[in-house]
Amino acid sequence: MTNLLTGPEMTDESAVAEVDPPVALEETLGEAGARADVADTVRADPTTVGDGGDDSVLSPPFGRARVEWRHRKLAFARNKQLREIAELEAELRRIGSPRSDLVERRLDAVAVTDQELLALERRLGIGIGGRCAGCGLHSTQTRFCLRCGERLAHEPETQRMSAPMVAVAIVAIALGWLLGGVRPGTSSSEHTVLPAHRAVQRPARRAQPALPAGARYRSLVATATGSKTAIYHSRGARRAYTRLASPNLDGARQVFLVRSVVGGWARVLLPTRPNGSSGWIRLSSVRLTGHSYRVLIDLRLHMLTAWSGRKEIMRTPVGVGRAVTPTPSGQYYITELLKQPDSTGTYGPWAFGLSAHSNVLNEFAGRDGVLGIHGTDFPQGVGTDVSHGCIRLSNVAITKLARTLPDGTPVRITRA
């Protein structure tokens, strides 16, 4: 799969329960590409703020002003670099020059500048990312949507107050209370309600039930309730070895397929490398739901079969990975459902993200080689080895599954 799912063995019902030109001109352009970049100035400037430490560096008088001045200077330099790159790229294309290395060299310089700029923005409480107006996806790590290329509409974060500002605010509130003009906890204006995170757009479908006492489901799904979920090597461990963010880069809540529950802990499959990774999470950090859906994909037969309990609800041919980019076998699960910006495009109207990763492609379209199940604009490829590792269905089939399968559905991929 070549988009953001970007970019890829349950053989019976009991197995399911076990829970990837002119020479002179080129010489001139070469001199332009060899100019000293702003990154050297950044490293030499003693006012540059690094990525570590705490925000106390902004508290002393003029400290924040110096950082803001440095931020404006660096942002101006970055924009100048980007304009020059655009002009250079346009010139190379106009004359048909193969010297793409000139652009790449300058892009590397911009990346260094951008890294420093982001460090300053974090110090100032300026976040990046937001929601794409084109396809609705959400990111907290990029300025542009990595699916359709649109600039993201940033959702501003609440900025931290420096120590002096906090002290002034406390004194003002205290004086107001003593004079009777202000009562803590009240306001003459309406309360401001922060917008909640908007879920990824989905088609109308059966809601995933909450977990009632005594209910029996084939699968339990843990959905993150906080912004990060701590993952532990073992049950009862005191220190987490990693934390997974929620929502993810596509704006979907982080979900895990539960393999077992012991006390206040759950062992879950993880949407990370290597394929099949598992870890322990605290039940207090997630919400449990249950369902009885499951999917089996037979790579040799090019066939996908889906069940609801014991009832088969779909059997449809699929396109799978080619010999050079094979679809990896194993037990995975659905991590998200994404509506595509163009229903007639490469990935059809819908795409499921999987916890699977390609064993061949470590990076694809800016992501970690994540594989998925999606539609296609090349129906002739369904039933063949055609993809970079993803599973391709007809657009009719993927639309039906999008209305049916919940996040956390087990997906076993086998080559029987």
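Listed here are the residues, each with its yes/no results for (1) at pLDDT below 95; (2) in contact with a strand residue (DSSP E or B) (Cβ under 6 Å, 6 or more places away or on another chain).
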residue: ALA356; (1), (2): no, yes
residue: LEU361; (1), (2): yes, no
residue: ASP368; (1), (2): yes, no
residue: GLY372; (1), (2): no, yes
residue: ILE398; (1), (2): no, yes
residue: LEU401; (1), (2): no, no
residue: PRO406; (1), (2): no, yes
residue: ILE413; (1), (2): no, yes
Could you tell me whether ASP342 is modelled with pLDDT under 95, among the acidic types (Asp, Glu) and part of a loop (DSSP other than H, G, I, E, B)? yes
Checked GLY290, GLY276 against criteria (in contact with a strand residue (DSSP E or B) (Cβ under 7 Å, 6 or more places away or on another chain), of a type in the set (Gly, Ala, Ser), outside any loop (DSSP other than H, G, I, E, B) and surrounded by fewer than 22 Cβ atoms within 10 Å (Cβ to Cβ)); the one match is GLY290
Out of (1) within 19 Å of the chain's Cα centre (by Cα); (2) of a type in the set (Phe, Trp, Tyr); (3) surrounded by fewer than 24 Cβ atoms within 10 Å (Cβ to Cβ), the odd one out for PHE378 is which? (1)
Note down all Cβ pairs under 8 Å where the first residue falls in the range 385-397 and is in a strand (DSSP E or B), the second is basic (Lys, Arg), and they're at least six residues apart or on different chains. ASP385/ARG322; VAL386/ARG322; VAL386/ARG392; SER387/ARG322
Filter pass, THR344 being surrounded by fewer than 17 Cβ atoms within 10 Å (Cβ to Cβ), more than 13 Å from GLY389 (Cβ to Cβ) and of a type in the set (Ser, Thr, Tyr): yes
Evaluate the range 252-269: report whether one residue or more is closer than 18 Å to HIS374 by Cα and at pLDDT below 95. yes
Within the range 304-339, residues in contact with a Lys or Arg (Cβ under 8 Å, 6 or more places away or on another chain) and either among the polar types (S, T, N, Q) or not in a strand (DSSP E or B) (or both) come out as THR305, GLY309, VAL318, SER329, GLN331
So which residues in the range 232-262 are buried (at least 21 other Cβ atoms within 10 Å of the Cβ) and in a strand (DSSP E or B)? VAL255, PHE256, LEU257, VAL258
Being at pLDDT 70 or above, surrounded by fewer than 17 Cβ atoms within 10 Å (Cβ to Cβ) and more than 22 Å from THR346 (Cβ to Cβ) is the requirement here; does ARG122 meet it? yes
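When you look at VAL360, is it of a type in the set (Val, Ile, Thr) and closer than 18 Å to PRO271 by Cα, yes or no?
When the stated conditions are applied, VAL360 passes them.
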GLY129 vs. criteria modelled with pLDDT under 80, within 23 Å of ASP250 (Cβ to Cβ) and under 27 Å from the mean Cα position of the chain (by Cα): yes
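The values are calculated or read from the model by the stated rules, or taken from the named source; none is laboratory data. The model shown is predicted, which means the values in this text are computed figures rather than measured ones. Using ideal geometry, Cβ is built from the backbone for each residue, glycine included, and neighbour counts are taken over all protein chains shown.
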